[in-house]
Structures are given as structure tokens and as C-alpha cells.
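K.L.:
Pasting a structure here, questions to come.
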Amino acid sequence: MLSRFSALEGLLRHTQPLWQEQPFHHLRLPWWQTHPALCEALAALALPDLQALEQDEAARAALLWPLVPEASELAALCHLPRLPSTSPPPAPAHVPGRKWSQIWAFAQQLGLAAGCGPGHLLEWCAGKGHLGRLLARQGHSVVSLEWDAKLCLAPVSCRRACPNRRCSRM
Ligand SMILES: C[S@@+](CC[C@H](N)C(=O)[O-])C[C@H]1O[C@@H](n2cnc3c(N)ncnc32)[C@H](O)[C@@H]1O
């Protein structure tokens with residue numbers, strides 16, 4: 001586990017310039033000097049190609065892996081056996097469906113891994129705190145850290161519903 005984590009961390013650090021850029025903040029692709037072939041391949045894509053690639057993981061891999069040498073190793077490190085989990089109940093109105101499925105699966109694994117009752121949890125990079133609220137509803141005591149103050153302002157009804165969760169701005 002630790003060696004997988006360290007390898008992932010190393011590769012993510014190494015490829016940081018490729019994934020940390022904000023979309024729509026540059027007039028030209030920021031990697032044109034370091035990855036000219038990648039930029040050329042991306043610039044050659046028409047909108048329908050992009051939409052098709054968004055739906056097709058294998059096609060994305062076929063396009064990108066030869067152009068980003070670290071990509072296949074990253075994908076291999078992310079390949080894990082599926083853990084048991086039940087399907088999530090319907091998503092709350094304010095949580096997008098895919099996010100809700102991920103949060104639900106994660107919260108279930110946390111319960112299985114801990115193998116014990118409620119504990120004290122720190123949710124770092126909490127965003128709007130959807131995960132923290134679910135864990136608080138499951139009985140954990142949660143402190144959520146988020147540096148964007150406006151995301152900490154959950155509606156009063158949510159705060160009342162989760163008295164054992166506290167959100168702090170960093
Ligand atoms: C993808 S969102 C998290 C979603 C969240 N887990 C949920 O359940 O809704 C990532 C959040 O991390 C926050 N963030 C990024 N870097 C941070 C840091 N160093 N400390 C605290 N928050 C950070 C961002 O502002 C963003 O709101």
C-alpha cells in the first residue's frame with residue numbers, strides 16, 4: 001500500500017504541470033514547449049472527436065498514452081480490485097449523481113476498514129462538505145477543512161442536521 005502510494009505521489013508530482021493548469025485560462029496550450037506532440041494531437045481534435053473521447057476511456061488511452069509517457073504507469077497503479085459495496089440511495093437534491101456514488105462507496109469502505117464504531121475524522125479539501133455531512137450522519141464526528149470561505153457556508157438546515165460536523169476555513 002505504502003509503495004503504491006509513494007509511486008502514485010511521485011508520478012503525480014512529476015506530471016503536475018500537465019494536470020494543474022486551469023482550463024480556459026490560456027490562449028495557447030501551456031505544454032507546447034515540453035510536450036509539442038501532445039499539443040499537436042490535441043489541436044487536431046474537432047469538437048465531435050472531443051465529445052467521443054470524453055465517453056470512451058479506451059480511445060482516450062490510445063490517444064494519450066503514447067504522448068504522456070507516465071500515463072500507462074499511472075493507470076496501472078490506479079487499477080485496484082473492486083471492493084464490495086451496496087448501491088447508493090437516491091442522491092440528495094444538491095449533490096450530483098456521480099459524486100454521490102463516489103462518496104457513498106468511500107463512506108462504506110471507511111466503515112469496513114475501520115471495523116469499529118464512529119470516530120473523529122478530519123476531512124481535508126472539503127469543498128461543500130458533501131462527504132463530511134454523510135459521514136457525520138453516520139455518527140462520526142467530522143471537522144472539515146476548506147480554504148474557500150464561501151463553500152463553508154452550508155445552509156442552516158444542513159448545519160442543524162449535522163451538529164457533529166464543523167467546517168473550518170484554512
Ligand atoms: C473536489 S473538491 C472536494 C469535494 C468534497 N470532498 C465533497 O465531498 O464535496 C476539492 C476542494 O479542495 C479545496 N482545496 C484545495 N486545496 C486545498 C488546501 N490546500 N486546503 C484546503 N482546501 C483545499 C478546494 O477549494 C476545493 O473546494
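Every read-out reported here was derived from the displayed coordinates using simple, explicitly stated rules and does not represent laboratory data. Just so it is clear, the structure is predicted and the values come from calculations on it, not from any experiment. Note that we place each Cβ from the backbone using ideal geometry, even for glycine, and neighbour counts take in every protein chain shown.
K.L.:
Compute the relative contact order of region 2-78 as a whole-number percentage, counting only Cα pairs closer than 8 Å that sit 6 or more residues apart in sequence.
P.N.:
Relative contact order comes out at 37 percent.
K.L.:
On to the next question. How large is the direction-averaged shadow of the alpha-carbon convex hull of region 1-152, in nm²?
P.N.:
If I average the Cα hull's projected area over directions, I get 12.0 nm².
K.L.:
What residues from region 38-81 fall in the zone where the backbone N is under 13 Å from a label point 7 Å along the Cα-to-C-beta line of Leu29?
P.N.:
Correct set: 38-46, 50, 63-69.
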